[in-house]
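Notes follow once the structure below has been shown.
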Amino acid sequence: MAGTTQRRWAQKIVNHPAFDCFFTLVVISNSLFIGVELQVSVDTQGGETPLFIQLMLYLYTALFVLELWFRLAADRCKFLFGEDWAWAWLDIFIVVTSLWEVVIEVLSSFKGEGNESIFGAFTSLKAVRVVRITRIVKVSRLVRIFRFILALRTLIASIVHTLKSLVWALLLLALIAYVFAVLFMQAVNDYIQDGGYLPDRELLEAQVHFGTIGDTMLGLFMSITGGVNWQDVLGPLKFINTIWVFLFLFYIAFTYFAVLNVLTAVFCQSAIDGAQNDHASKVHAVLANKEAHLEKIHDLFSKFGADDGVITFSMFQKKINSPEVREYFQTLGLDVWDAWTFFKLLDKDNGGAVEVEEFLMGCLRLRGQASAMDVGRIINDQTWLIKTQGKFHAYMEVELKQIKEQLSALTGCNSMTDEHIGFIFASHNLGDSDDSDAGSCADGHTPKL
């Protein structure tokens with residue numbers, strides 16, 4: 001019972017908006033504190049850590065432990081293996097490393113008091129400062145906060161979506177650089193081994209840029225990315241042969257104007273797709289768009305005179321040609337030229353009146369070009385209509401044939417045609433039996449009903 005009560009209180013605290021806001025500020029301030037601590041450490045040149053820095057370190061560690069305890073108490077196993085399991089294990093790793101850093105700080109203080117023989121094995125780890133590397137992991141928690149800010153989330157989603165393209169782009173550039181590196185390195189080294197003359201400067205550049213296959217690839221990559229002046233790389237090739245100069249210029253032109261421009265286009269498209277396919281961004285855009293249109297529609301309804309949020313066809317017809325209404329429909333891309341048809345399309349429940357929500361959804365549904373779903377529904381309705389009409393025509397054909405046979409049997413006429421049947425029905429309905437010639441059978445007999 002006590003455990004259930006404790007979990008209920010923990011869930012209330014964790015689910016409260018103030019909880020997320022508070023620890024968001026803690027994460028941001030901790031990221032800033034890491035920079036301050038690093039600067040103080042550099043200024044003191046590795047000397048004794050100030051007391052203020054130590055107290056802040058202990059405070060942030062206590063807050064991280066407290067947050068982790070509340071989340072574990074509220075969600076338990078769901079926190080570790082739920083939808084955000086990666087962030088949960090990251091929080092655990094941060095808490096463990098923070099505690100380990102506190103332990104090292106405490107051991108260092110004891111070491112300063114002359115207990116080197118006891119704690120020397122532990123505090124020696126501080127010289128390597130392996131634990132300090134985990135600070136970058138603490139700063140990575142900012143990414144978790146960014147996902148709650150739409151603009152930053154869109155940028156992060158776009159960048160993440162381009163990582164796959166980045167891998168293939170680097171592989172393509174490495175392949176191109178490798179092919180040209182083999183050609184240039186072999187040409188330069190063969191020239192030097194054959195006793196070719198190179199000035200001291202060009203010889204030094206040949207040793208730097210064409211000494212190994214790795215150096216050659218690095219020099220070619222830096223030539224197209226601005227890391228080095230590619231004229232320095234081109235220097236040794238000028239003394240070998242003009243052909244190698246043109247080949248190097250072809251490499252620069254090919255990678256700079258063709259490959260990099262194509263990669264830029266691919267990256268832009270990947271970033272756009274990533275931003276458009278982000279579910280949270282889509283939901284936020286839809287909600288924002290809906291709220292903006294609701295405000296405009298409330299103003300529009302007030303111009304209609306519908307203070308109760310409902311407009312009728314008469315109210316709509318009176319205001320349809322007003323500038324305010326026309327301007328709103330133009331912003332939606334709607335050309336309302338038939339008020340009655342448009343109103344009936346909005347009035348889906350055939351109640352004779354349209355409410356605000358019904359008006360909004362109808363306008364959003366009718367604006368723009370027809371979607372694939374709209375076309376598919378029309379095709380499905382047309383298929384059903386054609387199939388139903390075919391069955392109806394077949395049924396009517398059978399029924400008319402039976403009526404024809406029954407009328408033929410009643411009148412004793414063996415050659416009655418469809419025109420005669422139509423005349424009989426017309427005569428029967430109109431009471432007109434004077435024109436006996438028009439209703440006679442082909443054998444000259446006149447049918448009687």
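The values are calculated or read from the model by the stated rules, or taken from the named source; none is laboratory data. Quantities reported herein were computed from a predicted structural model and do not represent experimental measurements. Counting neighbours? That spans all protein chains shown, and the Cβs are built from the backbone with ideal geometry, glycine included. All accessible areas refer to the heavy atoms of the entire protein, side chains included, with ligands and DNA or RNA removed. Shrake-Rupley method; radii C 1.70, N 1.55, O 1.52, S 1.80 Å.
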Inset, instruction - State the number of residues belonging to the stretch 316-325 that are within 11 Å of residue 343 (Cα to Cα) and open to solvent by 20 Å² or more (accessible area, probe 1.4 Å). - result: 1
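Here's a check for you: in the stretch 326-338, which residue that is outside any helix (DSSP H, G or I) and surrounded by 12 or more Cβ atoms within 10 Å (Cβ to Cβ) is modelled with the lowest pLDDT?
Residues of the stretch 326-338 that are outside any helix (DSSP H, G or I), as a first pass: 332-338.
Now drop any that are not surrounded by 12 or more Cβ atoms within 10 Å (Cβ to Cβ), which leaves 332, 334, 336.
On the way: 332: 65, 334: 69, 336: 71.
Step by step, filter the stretch 326-338, then rank; the result is 332.
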Inset, instruction - Please verify whether the stretch 47-64 includes one or more residues that are over 36 Å from the mean Cα position of the chain (by Cα), exposed (fewer than 13 other Cβ atoms within 10 Å of the Cβ), of a type in the set (Ser, Thr, Tyr) and modelled with pLDDT under 80. - result: no
Inset, instruction - Go through the residues of the stretch 339-353 one by one and say whether even a single one is modelled with pLDDT of 70 or more, more than 19 Å from residue 296 (Cα to Cα) and among the β-branched types (Val, Ile, Thr). - result: yes
